[in-house]
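Colleague: The structure's right below; bear with me while I get my questions together.
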Amino acid sequence: MGLFSTRQPRKFRRVSIYTDERKEKLQKLVEQVEREKGEALHTDEAYNTEKFKGTFINFTPRAQRYKEKGARVGWPLAVILIFILLFIWNFIMTGNR
């Protein structure tokens with residue numbers, strides 16, 4: 001009954017052609033041994049989060065514009081303006097406060 005059954009798509013399998021898995025495994029093993037000995041102090045510096053703080057904004061123009069503008073006052077101002085307009089409309093329709 002192959003006529004009425006749907007064919008399953010092939011599973012995605014990423015093949016990296018520019019990496020050497022043996023070399024990466026060896027490098028990880030060397031780093032692990034150095035960490036156990038206490039010699040690998042320079043590898044901990046790569047995971048310092050303070051080093052990367054603010055780098056995302058440097059590469060996105062929209063985030064840069066948002067940072068330069070500062071706080072937005074649009075919504076509170078719009079709500080206050082609506083209440084003022086409702087008060088004026090109420091005064092015009094009824095003639096009193």
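Colleague: Excluding ligands and nucleic acids, what accessible area in Å² is computed for F56 using a 1.4 Å probe, to the nearest 10?
Modeller: The accessible area of F56 comes to roughly 150 Å².
Colleague: Given the rule -39500 (n - 2.57) for each run of at least 4 DSSP H residues, summed and divided by the residues of the chain, what is its mean residue ellipticity at 222 nm, to the nearest 500 deg cm²/dmol?
Modeller: -17000 deg cm²/dmol
Colleague: Once both labels are modelled 7 Å past Cα along the beta-carbon direction, what's the R22-R35 spacing in nm?
Modeller: Computed distance between label sites R22 and R35 equals 2.5 nm.
Colleague: Counting only pairs 8 or more places apart or on different chains, how many lysine pairs in the chain have C-alpha atoms closer than 23 Å? Please report the intermediate quantities before stating the final value.
Modeller: Working: K23/K37; K25/K37; K28/K37; K28/K51; K51/K67; K53/K67; K53/K69.
Number of lysine pairs found: 7.
Colleague: Local charge sum around E21 (other residues, Cβ-Cβ under 13 Å, Lys/Arg +1, Asp/Glu -1)? Before the final figure, lay out each step's value.
Modeller: Values: positive: R14, R22, K23, K25, K28; negative: D20, E24.
Overall, the nearby charge balance is +3.
Colleague: Quick one: length gained pulling L3 to F83 fully straight, 0.36 nm per residue minus the C-alpha distance? If you can, show how the numbers build up before the last one.
Modeller: On the way: separation 80, 0.36 × 80 = 28.80 nm, distance 6.75 nm.
Here the answer is 22.1 nm.
Colleague: For the range 46-97, with every protein chain kept in place, what is the accessible area per residue (1.4 Å probe, Å²)?
Modeller: Working: 5470 Å² over 52 residues.
About 105 Å² of surface per residue is accessible.
Colleague: Sorting L81, L3 by accessible area (1.4 Å probe), largest first, what list results? Mind dumping the intermediate values first?
Modeller: Details: L81 100, L3 145 Å².
Reading off the accessible areas and sorting them downward yields L3, L81.
Colleague: Okay, moving on. What is the helix-to-structure angle for 74-94, meaning the angle in degrees between its Cα long axis and the longest Cα principal axis of the chain, kept from 0 to 90 and rounded to the nearest 10?
Modeller: On a 0 to 90 degree scale, this one is about 20.
The values are calculated or read from the model by the stated rules, or taken from the named source; none is laboratory data. Since this is a predicted model, take the numbers as computed values, not measurements. Virtual Cβ from ideal backbone geometry, glycine too; neighbours counted across all protein chains shown. The area values use the complete protein model at the heavy-atom level, side chains included, leaving out ligands, DNA and RNA. Shrake-Rupley method; radii C 1.70, N 1.55, O 1.52, S 1.80 Å.
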